[in-house]
Ligand code: HEM
């Protein structure tokens, strides 16, 4: 497979070469940093939900960082459904940073300045997207 020239995509590729499944690492990091997040998931079947939530989030990230065909809109639509799950907006946004930190850990020395800069920009843009959505929801 040809290496992607998109630094965000590249960071996921590099991680995939080293780690088969990000799910346990991402949620361990999330629950360490934000223990209150653990109780937001129902116990029964929560592993399935967590796996699918991460897969869909990554899908949205790759779309947002790439072609923007529409999958990224999940980020906007999930803001209000997560309100209903009891997930505050800042925690919702923090999930993206948790994913970035997990990748960085796995990739180690191959986490380049270019990848770092791309993630910083992306996290800022996502924060803006979520903030704008919140203003619309509660003016
Ligand atoms: C730390 C932040 C987050 C927490 C604590 C959280 C929590 C939850 C909870 C409690 C559910 C429902 C589980 C259930 O039905 O019992 C859920 C579902 C879901 N979340 Fe999150 N969420 C977070 C961030 C995100 C983000 C950033 C996205 C994507 C932009 C996202 C996308 C989804 C989707 C798509 C579902 C439905 C999953 C499915 O049933 O297939 N979540 N989340």
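The values are calculated or read from the model by the stated rules, or taken from the named source; none is laboratory data. Please read all numbers here as calculations on a predicted model, not as lab measurements. All Cβ positions, glycine included, derive from the backbone under ideal geometry; neighbour counts span all protein chains shown.
Below is a table of values for the structure above.
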read-out	value
Meets criteria (on the phi < 0 side of the Ramachandran plot, surrounded by 11 or more Cβ atoms within 10 Å (Cβ to Cβ) and either part of a helix (DSSP H, G or I) or in contact with a helix residue (DSSP H, G or I) (Cβ under 8 Å, 6 or more places away or on another chain) (or both)) for residue 74	yes
Options 60, 94: the member that is in contact (Cβ under 8 Å) with a residue 24 or more places away in the chain and under 22 Å from residue 12 (Cβ atoms)	94
Checking residue 59 against (1) within 15 Å of the chain's Cα centre (by Cα); (2) surrounded by 16 or more Cβ atoms within 10 Å (Cβ to Cβ); (3) closer than 19 Å to residue 22 by Cβ, the condition it does not meet	(2)
Residue 30 vs. criteria surrounded by 14 or more Cβ atoms within 10 Å (Cβ to Cβ), touching a residue at least 24 places away in the same chain (Cβ under 8 Å) and in a helix (DSSP H, G or I)	yes
Sole residue being in a loop (DSSP other than H, G, I, E, B) and either within 8 Å of the ligand (Cβ to nearest atom) or surrounded by 16 or more Cβ atoms within 10 Å (Cβ to Cβ) (or both), chosen from 68, 42	42
Boolean, residue 15 is modelled with pLDDT of 95 or more and either over 16 Å from residue 96 (Cβ atoms) or within 15 Å of the ligand (Cβ to nearest atom) (or both)	no
Extreme residue, surrounded by the fewest Cβ atoms within 10 Å (Cβ to Cβ), among residues of the range 77-115 that are away from the ligand (no atom under 16 Å from the Cβ) and not in a helix (DSSP H, G or I)	112
